[in-house]
Amino acid sequence: MKLPFLDRHEEIARLRRFADETSSSLAVIYGRRRLGKSRLIEEILPENRIVYYMADDRVEILQRATVAREIGRRLPGFERVHYPDWDALFERFFQAAPAGLVLALDELPALAAAAPDAPSVLQRHIDRRRPHGP
């Protein structure tokens, strides 16, 4: 039985507005463990709009392969390609992902410990796709 999700109206509204943006963006949700951050993501996005990956302590190559497999659930065949680095994986994701598809990387500190370059490579791909205003 799934417990009801209570008292997160402001956070849900803010994240829904963010998720409805038309340009690529990066949101960071942080806080102490076991407070409902992962559940908050589940509550705001329908299953068909999210690629969800929870990082762990495995080596980088295994994490990259697992991220590709999770992306493959929404983009069939994505996992069949060998991605030699995060740059190749994120490049293909951003080229192939339909508008509105969200890549949620949970436990980012664990991913960064195994792959220190992954967060900055991801940020570079996001920055390249954002419209630059005056």
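The values are calculated or read from the model by the stated rules, or taken from the named source; none is laboratory data. Computed from a predicted structure; not experimentally measured. Areas reflect the complete protein model, heavy atoms only, side chains present, ligands, DNA and RNA absent. Shrake-Rupley method; radii C 1.70, N 1.55, O 1.52, S 1.80 Å.
How tilted is helix 86-96 with respect to the longest principal axis of the chain? Cα atoms for both, answer in degrees (0 to 90, nearest 10). It is inclined by approximately 70 degrees.
So how far, in whole Å, is the C-alpha centre of segment 104-122 from the one of segment 31-101? Rounded to whole Å, the Cα centres lie 11 Å apart. Solvent-accessible area of the chain (1.4 angstrom probe, protein heavy atoms only): carbon and sulfur portion equals 54 percent.
Seen against the Cα atoms of the chain and their longest principal axis, helix 9-19 is set at about 30 degrees. Per residue, the accessible area of the chain comes to 67 Å², computed with a 1.4 Å probe over protein heavy atoms only. Given the options 85, 20, 57, which has the most mean-square fluctuation in a GNM of the chain, springs set between C-alpha atoms less than 10 angstrom apart? Result for the chain, Cα springs under 10 Å: 20 fluctuates most. Residues whose amide H comes within less than 5 Å of that of residue 103, counting only those at least five positions distant or on another chain, are 51 (H built at 1.01 Å from N in the peptide plane).
When the Gaussian network model of the chain links Cα atoms closer than 10 Å, the mean-square fluctuations of 18, 93, 78 top out at 18.
Relative to the longest principal axis of the Cα atoms of the chain, the long axis of helix 118-129 lies at roughly 90 degrees. Mean-square fluctuation check for the chain, GNM, Cα pairs under 10 Å: which of 65, 110, 13 is largest? Top of the fluctuation ranking is 13.
Alpha-carbon geometry of segment 33-74: the Rg and the Dmax are 12.0, 30 Å, given in that order.
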